[in-house]
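The values are calculated or read from the model by the stated rules, or taken from the named source; none is laboratory data. Please read these numbers as outputs of a predicted model, since none were measured by experiment. Here the Cβ positions follow ideal geometry from the backbone for every residue, glycine too, while neighbour counts run over all protein chains shown. We work out accessible area using only protein heavy atoms, side chains counted, and drop any ligands, DNA or RNA first. Shrake-Rupley method; radii C 1.70, N 1.55, O 1.52, S 1.80 Å.
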Amino acid sequence: MLRDLPVNIISFLENIGIDIARLLDVLAYDARQPLLFNTGLFLLLFVGFMVIYHGLKFWRAGRMIFTILFSLYFYYKSSGLCCLILIGVAASDFILGLSMERASLINGRARGMVMKFILLLNVLTNVGMLLYFKYFNLLIDTFNQFMSARIDIINVILPAGISFFTFRSISYIVDIYRGDIKACRNPLDYLFFLTFFPPLLAGPVVRAKDMLPQIKGNPVVTHEMTGEGVFLIICGLIKKMVIADFISGNFVDRVFDNPALYSGFENLMATFGFTIQLYCDFSGYSDMAIGIALLLGYRFKENFNSPFKAQNPTEFWHRWHISLSTWLRDYVYIPLGGNRCSRPRAYFNQFITMVVGGLWHGASWMYVIWGAVHGGLLVVHKMMVRLLPATVAGAGVSGSGEVLLSAVLQRRPQWLRVINMLFTFCLMSATFMLFRARSLEDFSMMWHQIVSDFHLSVAPQFVEGYLAIVIAMLAGYVLHMTPSRWASGVKAGFIKSPLLVQTILLAAVVYAVIQVRSSDIVPFIYLQY
């Protein structure tokens, strides 16, 4: 009887008109069609997942195993058999974590040596994976450019989200080494943490000390969490599919791919367009990831906090990709010595941390240059705060003579705050040209067009020809610059509304998104990192 069960299911599906071969093809791994939050397939699978997930709420182990299996399938749809790497990393971390805790009980000098060895083993393993999967061909290409001998480039498959889960792995072992957390003793708990699908592919960078206590507590989904989760998912869909994808496919990509064909004015508009596109694309993913996690009972920290309201480069990095910037601070900047050293050394630590952050983004020297530029801006800003404290906006952090953001920025005249904000925004937009341009030649060409061939006279024709693009860009910036208290009020009102109203609004947004989206699903920009 049991042997006939699959046959009976197949017969039933065929009788109701489902093409089994087509269904299996859709569910199988396809590198060209990863399973993304903004796809119809994910929506269907997630609805089914939620039904079973909530049905298992009284069976903790069963719900955890089911979520782990779904997460692994989610990752399989993006990276195929690379999901085995994720399982291997989880097993390695679990064993090393327990070994680290046992080593802490050793008396004498051997204790420190063993713990450092375990820490080094974890870091080298994760960095080694990044070097091979992500940077191997960059190293070969660089070698070929400077050496007479030539090494052939090999086809290395890049596992999706490898930068995110390796950072989670490193922070887990480092936190045990520092004594901030205890080693996880339940392998299911740690596998759940590392494979949990909402932040798996493109963040936020979730830390074990923030999530493991929630996992052990077997969280309960409240009405408030459901409302907030649905609200964030709606925001993420609008940011990604209504603003970012529309701007990208219909204007930004065309200019960045061939900057010489466009005037300086159009190159500048494409730069501002990419700035809001990148923000809406990445923060949109973060909103959806945080929202989906809330629907499952887990709360992540905020990853973006209106970064274009920043009044200086330091404040920008307190608002942009917060989970990454704080990770770099805690696991790169502070181990290098942070600001607990001479001033020149502290500046160097700041600079090299941002270079590492740039390299983290991808296997291209353009990202390294982008990180170095941001490192330089942070150093220059810190120096100016010391030299000209009365005229330069504060750094936003305390210590080493710097002043708190709230103590300085909020007391400045409104006009000066606006000038600081606009100047910082233009600086960040200029650096994002490096982030998006395919090469230094394209970057130079864009600046050449802006400086030497601006042609402001084309502005009326640009607005007329790209009216929808202009409206989308303005909408993105206006929504971003909306006072936080307004956004909080709208969110609070949505959370208090009945579940039926929330569901109807979500369905309406999904329907509207389907109507305006491009024919092809546009992957999230940060999936490649």
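For Phe304, indicate whether it is of a type in the set (A, V, I, L, M, F, W, C), on the phi < 0 side of the Ramachandran plot and outside any helix (DSSP H, G or I). In short, yes. Across the range 451-464, the qualifying residues are those that are open to solvent by 60 Å² or more (accessible area, probe 1.4 Å) and assigned to a helix (DSSP H, G or I), and the one among them that is farthest from Gly227 (Cα to Cα) is Ser452.
Residue by residue, here is whether (1) modelled with pLDDT of 90 or more; (2) in contact with a Gly (Cβ under 7 Å, 6 or more places away or on another chain); (3) within 24 Å of Phe246 (Cα to Cα) holds:
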| site | (1), (2), (3) |
| --- | --- |
| Ala430 | yes, no, yes |
| Phe462 | yes, no, yes |
| Phe494 | yes, yes, no |
| Leu506 | no, no, yes |
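Based on what the data block shows, is Gly297 surrounded by fewer than 24 Cβ atoms within 10 Å (Cβ to Cβ) and over 13 Å from the mean Cα position of the chain (by Cα)? So Gly297 passes the test.
State yes or no: is Gly236 surrounded by 23 or more Cβ atoms within 10 Å (Cβ to Cβ), closer than 21 Å to Ile469 by Cα and in contact (Cβ under 8 Å) with a residue 24 or more places away in the chain? So Gly236 passes the test.
Scan the range 83-99 residue by residue and report those that are under 15 Å from Tyr73 (Cα atoms) and touching a residue at least 12 places away in the same chain (Cβ under 8 Å). Let's see the steps before the verdict.
Pass one, the range 83-99, residues under 15 Å from Tyr73 (Cα atoms): 83-87.
Within the range 83-99, Ile85, Leu86, Ile87 qualify.
Within the option set Ala293, Ala270, being more than 19 Å from Leu212 (Cα to Cα), of a type in the set (A, V, I, L, M) and assigned to a helix (DSSP H, G or I) holds for one residue only, Ala270.
From Val206, Val242, which residue is of a type in the set (A, V, I, L, M, F, W, C) and assigned to a loop (DSSP other than H, G, I, E, B)? Criteria check complete, one pass: Val206.
Does Asn122 fit the bill of being surrounded by 15 or more Cβ atoms within 10 Å (Cβ to Cβ), over 22 Å from Tyr526 (Cα atoms) and of a type outside the set (Gly, Ala, Ser)?
On the way: surrounded by 15 or more Cβ atoms within 10 Å (Cβ to Cβ): yes; over 22 Å from Tyr526 (Cα atoms): yes; of a type outside the set (Gly, Ala, Ser): yes.
The answer is yes for Asn122.
The number of residues in the range 54-68 that are of a type outside the set (D, E, K, R) and either in contact with a strand residue (DSSP E or B) (Cβ under 6 Å, 6 or more places away or on another chain) or crowded, with 18+ Cβ neighbours inside 10 Å (or both) comes to 3. Would you confirm, using the coordinates I've provided, whether Glu228 is out of contact with any His (no Cβ under 7 Å at 6 or more places or on another chain), in a helix (DSSP H, G or I) and open to solvent by less than 40 Å² (accessible area, probe 1.4 Å)? Here the answer is yes, as Glu228 does meet what is asked.
The set of residues in the range 469-485 being in contact (Cβ under 8 Å) with a residue 60 or more places away in the chain and open to solvent by 50 Å² or more (accessible area, probe 1.4 Å) consists of Met481, Ser484.
Residue count for the range 69-101, restricted to those that are among the hydrophobic types (A, V, I, L, M, F, W, C) and open to solvent by less than 10 Å² (accessible area, probe 1.4 Å): 4.
For residues in the range 467-491 being polar (S, T, N, Q) and over 22 Å from the mean Cα position of the chain (by Cα), which is nearest to Met225 (Cα to Cα)? Checked the range 467-491; the qualifying residue nearest to Met225 (Cα to Cα) is Ser488. Taking the conditions exactly as written (polar (S, T, N, Q), assigned to a loop (DSSP other than H, G, I, E, B), surrounded by fewer than 20 Cβ atoms within 10 Å (Cβ to Cβ) and on the phi < 0 side of the Ramachandran plot), does Asn250 satisfy them or not? Here the answer is no, as Asn250 does not meet what is asked. No other residue among Leu138, Leu212 is assigned to a helix (DSSP H, G or I), open to solvent by less than 50 Å² (accessible area, probe 1.4 Å), among the hydrophobic types (A, V, I, L, M, F, W, C) and closer than 26 Å to Met115 by Cβ apart from Leu212. Taking the range 315-335 as the range and being within 13 Å of the chain's Cα centre (by Cα) and among the hydrophobic types (A, V, I, L, M, F, W, C) as the test, the residues that pass are Trp320, Ile322, Leu324, Trp327. The set of residues in the range 24-53 being closer than 16 Å to Pro198 by Cβ and part of a helix (DSSP H, G or I) consists of Phe42, Leu43, Leu45, Phe46, Val47, Phe49, Met50, Tyr53. For Ile173, the conditions (1) of a type outside the set (D, E, K, R); (2) open to solvent by 10 Å² or more (accessible area, probe 1.4 Å); (3) under 25 Å from Ile334 (Cα atoms) are fulfilled apart from (2). Quick check: is even one residue across the range 350-358 assigned to a helix (DSSP H, G or I) and within 18 Å of Phe443 (Cα to Cα)? Within the range 350-358, one or more residues are assigned to a helix (DSSP H, G or I) and within 18 Å of Phe443 (Cα to Cα). Pairing each residue of the range 33-55 that is without any contact (Cβ under 8 Å) to a residue 60 or more places away in the chain with any residue that is among the charged types (D, E, K, R), provided the two are 6+ apart or on different chains, yields C-beta distances under 6 Å for Leu35/Lys77. Screening the candidates Tyr285, Tyr298 for the property of being hydroxyl-bearing (Ser, Thr, Tyr) and part of a loop (DSSP other than H, G, I, E, B) yields one hit, Tyr298.
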